[in-house]
Structure formats: structure tokens, C-alpha cells
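One structure below.
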Amino acid sequence: MVTVVFRPEEKRVEVPPGTLLSDAARLAGVDILMPCGGQGRCGRCAVVVESGSVRRRSTQRLTPDDIAAGYALACQTLVESDVVVFVPPQERIERRIKETKRAAKIELPFPYDRHDQPLRKFAVTLEPPSLADQTDDWSRLQREMARRYGIRNLQASLPVLRKLPRALREGDWTVTAVVELDAWDRPEGPPRLIDVLPGEHLESLWAVAIDIGTTSNVVWLVDLMRGQVIAQAADYNGQIARGEDVISRIIYASKGNGLQELQELVMGTLNRLIAQVAAEQNIRPDEIYKATVAGNTTMIHLFAGIPPESIRLMPFIPVVNQVPTFPAREIGLGINPEGTVDCLPGIASYVGADITAGVLSSGLCDSDELTLFIDVGTNGEMVLGDCSWLISCACSAGPAFEGAGVVHGMRATAGAIEEVWINPETYEATYKVIGDERPRGICGSGLISLLAEMFITGVVDKSGNINLDLPTKRVRRGEHGPEYVVAWADETATGRDIVITAVDIDNLMRAKAAIYAGFSVLARSVGLTLQDVQRVLIGGAFGQYINVEKAIQIGMLPDMPYDRFHFLGNTSVRGAYYALVSREMRRRVTEVGRMMTYLELSADNTFFDEFNAALFLPHTDLSQFPSVAALVGEG
Amino acid sequence: MPVEIPVEQWPGRVIEETLGATPAEGGTRSRVVKVGGENTLPFMLTDGEMPNPPRIAIEILDQRPKDWSPLLLEAWGDVVDDPAKWAKAAEEAGADLVLLQLSLTRDGGKPTTAADAKALTRAVLQATGLPILVFGPGQVDADNELLVAVAEEAAGERIVLGICEEKNYRTIVAAALANGHLVNGRTAMDVNLAKQLNILIADMGLPLDRIIMDPTTASLGYGIEYGYSVMERLRLAALQGDKMTQLPMLVTPGFEAWRQKEAKVGEGVPASWGDWRQRAVLWETLTATNLILSGADIVVLRHPETVKRVRAFIDRMMAK
Ligand code: FES
């Protein structure tokens, strides 16, 4: 017999060598949470072995650093001698699990140069007018800007001129001029006075990077003095109620007042988000002087109020791939009305500025490694290539992974279930909620995790059908057919059960099948297999992370070593941010557009076959998923 | 000059399955029928072997058919009023197998009950010594209820229960497992869907040699090319070694052909279509023989004359 001591409770128990730590804990009366039922899948039962010798049967959930620090999974670890074990508080384990997967911080991969920006702020002090110098206010400012900063031929619109007299006098002839020296489509200028503020205000200069997704919209508030993202906000696109995908939006736009209505809806969402980030920083929205916008081609058309019909009709051409810059007032965007709006260039009707932005910010074309980039969103755009070639396609995955089109789906914000474990014996669910609150719904990463757990534990069969014969109250026939209860009403913030229905599962299955089929067809179109891919970059509106392991288990991502996957968060808004702060990035994004070939999947008859093959868990051809085959005992 | 015939050898083989059980095997059939087992494309007997010829099942209904072509009713005569007699007539007409198709309702519109299904199954088993297949009405709840009863009534007879579909297979497979039967799984003309259903059924623990796949087909002139191509691709996958496609295939050319006006009706069609009787039987025959060429191991037919012609075709193709 050997002795196991559990700290900090200092409980001890005698067990034969070879006993599982989790069994020893039970005998000692120590509570260790075991969400996956002791299968070594969830990593939640981690403890620290402080002394003595143990054998770890599986370390799947532990990093080499964890192991060096003494971590072991209680359910997978056998005691070999007298041991002392520390049972960490649950929060510490959660933090440990989360930190290994945290999305990268928003950092620029290049140095920021605040002097090489088209949008600048200049403080100037003018000689006050006198009877000897009766120069008008505007000429006086122009003269001083030229003399002091070499800015000649400064232009101003009427609304700005109207602000001038008051600003000059209130600031006692010292003002801050917000000037746009040039623009994307006016590289030679002339410089334009956008705003004039009394006094000196050089602490910050605000701009926004915007991503207009079919389902989710994102705004990043950027301070151009520092080049940093200071605040972020996201919400569902207000247009969703008028159609889930781009095609239905285009159809809606072509009827009656549809175009105007859709434009107002998206503007409503964006302006609310802008107001939100501004309020967070205690500024007024009209102190934001520039917006750089990424989005798919249809979204950009609707945003600019350009009729998108031709995108849908043969031969599928947009009205414009790169919209010329225009002032915010022309579309009612809620920043300073004189502020410039830059839309990133798209390539074609179905490969828009969101993808050029994504390629730019993901670093896809900076490396000679064969890289697969996917933007997991409604349109499911993906790009394969390296620094010398790029090919892309759009697989129309639908909004399920953004939490839309799923009964209890939601965005990855506080209250969203982002990870789920199901006990294989009792079918009980344990989950983790963003922000540690009561759950309100399930976000994309939660849905992936949930589907994977349901599959692994047999709550659904490989077609995704819920097995109603299981001995648990969690499977039942609900309003929308069979469903599985993830959280009971008394655990939730809404006071209602949170469930996943058969229809939800269908939508998820279709989404993941479309994505994997897109990968397969894209690789085959250039004579490669998915195994040739060295890096997989994943962008999308997920929360902090997407669990790669779970995404492989459901057959959404190809089965390859986890370290080939990199989760990048929203790559589209990030690309807009890069373009906002760097002339070089603006040049590169145009180049990306020129390099990329587009593969139209609707014209590709292998897509349908691949889609049906992928409409299974994990895939009809299990040999493409050896790690999953091993997990379900069919390896 | 001697001509060398190239031989194509395949690594895979279709599973051989046994339908029916004799008293020695715990049933009451006068003989068993084996299907599948080939390791070559249909009739390519120089490449490999085809231990069992394609089999013919004759479809009978549990009551007088309401929407069948008058030609079929005329061919069978009064036996259509009595499933037992019809089963016997089918055996005499040269069937290898008898397929009993249950209806949703009995005469007078009352739903078919489990007791009805048991009695019908028993009657057919007593009337013929051939192995049988029993298909439910094709509505989830009714299928589950009736087929469980059928499976129990026929325990030990190794009958084929149908039809399993992706959305409804658990109950039927469980009934087959418990009573020693086989199942027929139907999917909508797609290679992957067919394979997926085989996996789902096998996942419940039913051995592969008790699963028949029904990839669905269409009649001559109504998309048979598509069905043909799906079956051919399934068979090629099987011969190439894909385990989950190595199952015998059953198709229903009788049902498909007799739905179409070319076979079904004699009036209101162009005179240039020629003699109705000839055309109708030809339509079913050609649909069946084409599907046999694409790999069908069991064809379900309706007209006794078609049975004769398809039999003659199979015999000639199997002759060395
Ligand atoms: S890993 Fe041990 S309980 Fe889940």
C-alpha cells in the first residue's frame, strides 16, 4: 500500500500502487471535478503532483510546461509510490486551460510611423488680426499652415469654414487642425482641412477600422497618435432579418426601397457600435476622422448604397471592386461628417475586401509554406497558397458558426457557452461560459465543442441524428423535433432550458461539411492534398479561441497536428486596421487582389460530392481522420 | 492469331449474404438464397467470379393493389386478393425471393395493425418456401411498429426487413438484430449517402453480411442513367476495397417502370409508341437488365413475363 495526501485539505488515503489518482481522491473524500467522466478529454481534473512518483497514462490535455510544473490529469494518472498531490482551485485550472489557447493580442507586425500618415493633427498659433493685418481667417490659417508645416493649397469645405471663426477666437488664435494630406485615390493631395478645434489637442487622433460581415459587424477604435486599437465592439448586422446570406440580401435590395432600407440597417448597427466605442473612451463620435472598411463585395455595395444586383446575375460582376474614397456624410456613417471612408479593394463578386484584408493580416503571403486560410463566416471564403500564388473559393457555410440560425445560438460574448463536455456514461453536460456568468446561449466555439461531444459520446449518430433512446432526460422530443438539453432552466440566465435541436445540428453539419468540402476541392484543384498543407490560419467571429481538437473531431478542419493551426480572430477587421495605419499595407492589399485566382464552386461538380461525403461525423471516409478514428475505437 | 484477353483483377469483393433459413438453420424455408460474393464487375467472368447470379424478387402486396396498371392485375388474376396465393403464384412464376409490401391501411381505411402484419407474414411464409423480404408502408411510425411485429413473427427465418433510411433505422435494425434478420437500407441515389447509411447501421452492431443496400433507382427514360452511374461507382468502390460499400445492392425496377405512363397506360399516348402490352413489359425488362449490368444483386419485379425475360437474360450472361 502507498499513501496519497491531498492538499490543501490534507486528506490522506492508503491505496494499492497502480490506483488512479481520481479513485484515490474519491476514497479520501476529496472532490475533483470530472466533466468528461474521466476520459482524459477535458483536462479539467488537473492536479499538481508535489512529490512522489506517478505514471501519466495520457497527457493529451497538458502542455510540456504543465508537465514540468507537475500537472497531471487525476483521471489518467496512476500512483506508484507515496505521493503528495495538490488540488488547485477550479479557477486556476480554467485560467491554465484558457491561456494555452488565447487569441493573439492585437499587435502590428510592423513598426508604426505616426508621421507617415495621411491623416494628421497640427497645432498652430496664428498672429491675431489687427488693423494692420486684415487678412481673413481662412487665408490666415492657410498662410500659417504653409509657413509652419509646408502644407500648401489647403482646402476646406463649407461646414468646416463655418466652424473656423469660433475655434480661432475660443482658442485665442491657437487651434488644432485635423488635416488629410492625401487619400488612397488622391495620392497627390490636395490637403483637406477636416476639422478645426480650439486650442492644442495632440493627445490622440481617432479613426475606426470596420468589418461588415454578412452576419457580424465589428468596429475597432484606433488612436493614430499611437497606432493602437483602443476599444472594440461587435454585434449582429441589422440586415440579418432581411435575409441570412448575401443572395437573399441582394434580392431584397432589388425590390422597392430595399437598397435604402438595407443601407440604413447596416448603418444603424455600425453607428451604434461607433457610439459605443466612443463612449468607452469618453469622446464624441465626431472626433473620429477616418474609417477603413472591409467586407464582402455585397456588404460593401450595400454599405455604400450601390445597387448590388449584378453580383447575382450572369456573368457575376460587381459594380465596383474598389470604391473611391468618400466623406462619411455621404452615407450617414456616424463619425465626423468630413472624415474619409476608405473601402478596401475586393477582387470579384464573391471574393471581397474581407478576404484581401484577411490574406493581408494573416500573413499568408509572407511565407513560402503552403498555407490554407479560412474565414469561418457566412460565406466561408478560403484561400490556399503561399508567397507566390493564391487561389480562393467561397463555400457558403451559412451563419451557424456565428451563432445565428441556431435556436439558442449567440455571439461570443458574456453569457455564451463556449465549451461543453458530456459524460459518456450519464450523458450529463458540463459547460464553460464566457465571463463566468449564467449561460444565455451557445456561441460558435461552444457549438463545435457540443457537436463533437455529442458525437464522441453517442448522443448523436454519425449523421447527427439525436438518439432518443438514451437513458437520460436530456434527450427529448421538443417543439422543433428531437433536442438535447445543454443547460436546465434553473442554471440559465433566461430561466429557460438551453437546448440544441435536430434542426440546429443539421445547420451545423451543413456548415462544417461546406467548409471541409471547400478545402478538399481547393486543394485538389491545384493537384495537392490537404496533408500537403503546412499551416492552417483560421479567422472568424469566434470568441477567444476555437478548439481545434473539437473542430477536427466533427470533421470541420483537416486532421493534422494541432500546431499547424493558428487562430487569428477576426482577420477582416484586422486587415482593415493594418490598411488604416500603413501606406505599405494599403499597397500590399491591392497586390493581393492582383495575385489571387478565384475558383467558382457552383461551376465545380466535385463540390457536391465532397459536400455529401463531408456531411457525416467526422467524414464518410474515416481514413481522412485517423485521430478521430482512434478516439472512437475504429482506428 | 491468338488474342490475349486482358484480365482485370480487383482487390475487393462484395460480401456474400444468405437470405432465408431452412429447418436445419432454425427456419422453415425450403432453401436459402445467396446473393453477392462477386469480385468482378457484372458478368466479367474472365476477370473474376460471380458465385451467385443476380436474383429476382417478385413484389406482392398485402391486398389488391389500388393504383397498379391493369396489365399487372390481368397478368396475376385473382391471386392479388390473397397474399398467400399471390406468394405461391410468384414462386411458380420463377421468383427467387418474394417481397411482401405492407400498406398503411387495410380495407375500409383502418390502419394496418401489428397483428395484421404478423398474420400476413405468417400466411406468406406458409404459402411459399422461398426466402422473403417484408417492407413497411414507408411512414416512420407505422414502419417501426409493423416491422418489429414482422421481425418477431418471422424470428429465425432470416428475412429482409425494409426500409431503413438515414432518419429512421434504429428500431428496424434493433428488430433485425434481436430476431436474426437482415435489413435493406435505402438512400437517395448518392454514393456517399449509401455508404453513410451502411456505416450507421453497422455502428449498431448488425454484421455487414446482414445489410443490403438500396441506392434507389429510376426507370428507363426517367433518370436511369443517374442511378446506373451511382450503382456503378458504388460497385467500383467496393471492388477497389472500400469495405463500407461491399454490400449486395437491391433495386426496384418493377416499381419504377410501372409508375411511368409508357408502362402504366394504354390510352392517351402517341400511336407511334406501338403496342402497349409489349411496350410495358419491355420497359420493365430493360430497366431491370440495365440495372443488373450496373451491379444490382437483387431486382424487384412485378410482371411475370418480365421475370421470364430477365431470367433468360441472366442465364445467358452467366453462361461460360
Ligand atoms: S480529463 Fe480527467 S475528467 Fe476529463
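Numbers for the structure displayed
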{"quantity": "Unmet requirement for B:M204, which otherwise passes all of (1) under 15 Å from B:A188 (Cα atoms); (2) within 14 Å of another protein chain (Cβ to nearest Cβ)", "calculated": "(1)"}
{"quantity": "Selection count where residues are within 8 Å of the ligand (Cβ to nearest atom) and over 14 Å from A:L20 (Cα atoms), scope segment A:38-59", "calculated": "4"}
{"quantity": "Residues (closer than 21 Å to A:A551 by Cα and modelled with pLDDT under 90) located in segment A:365-380", "calculated": "A:D375, A:V376, A:G377, A:T378, A:N379, A:G380"}
{"quantity": "Residue match in segment A:602-617 (condition: in contact (Cβ under 8 Å) with a residue 24 or more places away in the chain, in a loop (DSSP other than H, G, I, E, B) and more than 14 Å from every other protein chain (Cβ to nearest Cβ))", "calculated": "yes"}
{"quantity": "Among residues of segment A:448-463, those that are facing another protein chain (nearest Cβ under 10 Å) and out of contact with any Phe, Trp or Tyr (no Cβ under 6 Å at 6 or more places or on another chain), counted", "calculated": "3"}
{"quantity": "Every residue from segment B:41-52 that is within 21 Å of the chain's Cα centre (by Cα), over 17 Å from B:L236 (Cβ atoms) and open to solvent by 40 Å² or more (accessible area, probe 1.4 Å)", "calculated": "B:P51"}
{"quantity": "Yes/no for A:E453 being within 16 Å of the ligand (Cβ to nearest atom) and in contact with a Cys (Cβ under 9 Å, 6 or more places away or on another chain)", "calculated": "yes"}
{"quantity": "Residue among A:Q232, A:Q263 that is on the phi < 0 side of the Ramachandran plot and in a helix (DSSP H, G or I)", "calculated": "A:Q263"}
{"quantity": "Any hit, segment A:25-37, residues being open to solvent by less than 20 Å² (accessible area, probe 1.4 Å), within 16 Å of the ligand (Cβ to nearest atom), under 15 Å from A:D82 (Cα atoms) and in contact (Cβ under 8 Å) with a residue 12 or more places away in the chain", "calculated": "yes"}
{"quantity": "Residues of segment B:176-198 that turn out to be within 13 Å of chain A (Cβ to nearest Cβ) and either open to solvent by 20 Å² or more (accessible area, probe 1.4 Å) or assigned to a helix (DSSP H, G or I) (or both), as a count", "calculated": "10"}
{"quantity": "Number of the condition not met by B:L220 [criteria: (1) among the hydrophobic types (A, V, I, L, M, F, W, C); (2) open to solvent by less than 10 Å² (accessible area, probe 1.4 Å); (3) not in a strand (DSSP E or B)]", "calculated": "(2)"}
{"quantity": "Condition broken by A:G527, with the remaining ones in (1) surrounded by 19 or more Cβ atoms within 10 Å (Cβ to Cβ); (2) within 30 Å of A:N321 (Cα to Cα); (3) without any contact (Cβ under 8 Å) to a residue 24 or more places away in the chain satisfied", "calculated": "(1)"}
{"quantity": "Residue count for segment A:143-156, restricted to those that are open to solvent by less than 30 Å² (accessible area, probe 1.4 Å) and of a type outside the set (D, E)", "calculated": "4"}
{"quantity": "Check on A:A412, small (G, A, S), open to solvent by 10 Å² or more (accessible area, probe 1.4 Å) and within 26 Å of A:T606 (Cα to Cα)", "calculated": "no"}
{"quantity": "Single residue of A:E94, A:E80 found to be more than 14 Å from the ligand (Cβ to nearest atom) and either open to solvent by 60 Å² or more (accessible area, probe 1.4 Å) or modelled with pLDDT under 80 (or both)", "calculated": "A:E80"}
{"quantity": "Only one of A:G403, A:G446, A:G481 that is of a type outside the set (F, W, Y), touching a residue at least 12 places away in the same chain (Cβ under 8 Å) and surrounded by fewer than 18 Cβ atoms within 10 Å (Cβ to Cβ)", "calculated": "A:G481"}
{"quantity": "Residue check for A:R140: open to solvent by 20 Å² or more (accessible area, probe 1.4 Å) and either in contact (Cβ under 8 Å) with a residue 60 or more places away in the chain or out of contact with any His (no Cβ under 9 Å at 6 or more places or on another chain) (or both)", "calculated": "no"}
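A quick yes/no check of all residues on (1) out of contact with any Leu (no Cβ under 9 Å at 6 or more places or on another chain); (2) open to solvent by 50 Å² or more (accessible area, probe 1.4 Å); (3) of a type in the set (K, R):
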| residue | (1), (2), (3) |
| --- | --- |
| B:P11 | no, yes, no |
| B:G36 | no, no, no |
| B:N39 | no, no, no |
| B:I58 | no, no, no |
| B:E91 | no, yes, no |
| B:G108 | yes, yes, no |
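Each row is one residue, and each column tells you yes or no for (1) open to solvent by 10 Å² or more (accessible area, probe 1.4 Å); (2) farther than 22 Å from A:V266 by Cβ; (3) part of a strand (DSSP E or B).
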position	(1), (2), (3)
A:L333	no, no, no
A:I355	no, no, no
A:D368	yes, yes, no
A:F373	no, yes, yes
A:M382	no, yes, yes
A:S392	no, yes, yes
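The values are calculated or read from the model by the stated rules, or taken from the named source; none is laboratory data. Note that the structure is a prediction, hence the values are computed from the model and not measured. A quick note on method: Cβ atoms are made from the backbone with ideal geometry, for glycine too, and the neighbour counts reach across all protein chains shown. Please note that ligands, DNA and RNA were not included when accessible areas were found on the heavy atoms of the full protein model with its side chains. Shrake-Rupley method; radii C 1.70, N 1.55, O 1.52, S 1.80 Å.
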